[in-house]
Amino acid sequence: MRNDGGDMGKRLRVIDLARTAGISVQQVRNYVESGVLPPVERTPGGYRVFTDAHAEALTTARALAAGHGWPTARAIMRAVHDGDLETALAALDAGHARLDRERAELAAVHEALSTVLANQAIPPLTTHRPLRIGQVARAVGVRPPVLRLWEARGLLRPDREPATGYRLYPRAELRAAHVVALLRQGNYLLETIKAVVDELRRTGNPEHVLRELTRRGQDLHRRSLQGVGATAALHTYLTYLGHTA
């Protein structure tokens with residue numbers, strides 16, 4: 001039998017519902033207004049009537065938020081309460097797809113950085129003087145227009161000579177150009193290369209970047225597990241509402 005927001009078991013005080021979830025009473029009311037929780041009936045005196053259905057919905061929403069974030073959780077719960085299961089399931093699938101894309105991107109960056117660490121082709125940097133674009137092009141083995149393209153894609157950040165506007169590549173940018181050239185030879189995507197270069201800029205140490213990528217991988221593993229829990233919670237709630245396969 002489908003439960004649709006009517007009589008769904010014992011009544012609950014809104015303050016008890018809020019305390020159970022560790023949120024404020026106002027937040028519970030906001031969830032009702034936004035469709036995260038099902039509609040509430042009111043007593044003749046105007047008081048909101050909360051039931052087990054709202055507790056079930058709140059548990060489900062929080063599980064979805066843990067696995068996929070609140071924007072996805074809100075979209076799913078609103079669709080469920082509007083009776084639009086197709087939209088709800090599509091939003092859930094999109095959440096899992098985002099996790100899959102993030103996993104693939106993380107693996108690609110990790111592989112690219114490992115290539116940089118293992119490769120001995122990047123020469124030691126002996127100069128401390130900023131170089132002009134022609135000098136960098138010769139050092140890296142590409143033509144100047146390629147360096148300008150890499151700059152346009154956000155891979156390189158040369159300075160500009162104040163008087164002439166000519167590009168000047170300090171030591172760090174020369175190394176970045178070598179890294180980009182190496183990874184392009186390995187046919188890595190520009191998006192992957194940019195992620196590697198950005199991480200190297202941020203930490204200045206490839207080993208630190210590897211540790212950070214490992215930490216992100218662990219976080220992704222945790223969120224993937226939470227995504228599994230979110231799917232199970234949604235299935236339980238849909239069953240509670242009377243939706244069966």
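Numbers at a glance
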item	result
Residue that is open to solvent by 30 Å² or more (accessible area, probe 1.4 Å), more than 30 Å from G242 (Cβ to Cβ), in contact with a Lys or Arg (Cβ under 7 Å, 6 or more places away or on another chain) and not hydroxyl-bearing (S, T, Y), where the choices are R103, R160	R160
Qualifying position, being touching a Leu at 6+ places or on another chain (Cβ under 7 Å), modelled with pLDDT of 90 or more and assigned by the TED database to the domain that holds R157, among V109, V116, V136	V136
Extreme residue, modelled with the lowest pLDDT, among residues of the stretch 8-25 that are assigned to a helix (DSSP H, G or I), closer than 22 Å to T239 by Cβ and open to solvent by less than 40 Å² (accessible area, probe 1.4 Å)	A21
The one condition in (1) more than 30 Å from G95 (Cα to Cα); (2) outside any helix (DSSP H, G or I) that A172 fails to fulfil	(2)
Pick from the stretch 26-74, criterion hydrophobic (A, V, I, L, M, F, W, C) and assigned to a loop (DSSP other than H, G, I, E, B), ranking: surrounded by the fewest Cβ atoms within 10 Å (Cβ to Cβ)	V40
Single residue of Q218, Q185 found to be of a type in the set (S, T, N, Q), under 20 Å from L155 (Cα atoms), without any contact (Cβ under 8 Å) to a residue 12 or more places away in the chain and open to solvent by 30 Å² or more (accessible area, probe 1.4 Å)	Q185
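The values are calculated or read from the model by the stated rules, or taken from the named source; none is laboratory data. Keep in mind it's a predicted model, so treat the numbers as computed, not measured. Virtual Cβ from ideal backbone geometry, glycine too; neighbours counted across all protein chains shown. All accessible areas refer to the heavy atoms of the entire protein, side chains included, with ligands and DNA or RNA removed. Shrake-Rupley method; radii C 1.70, N 1.55, O 1.52, S 1.80 Å.
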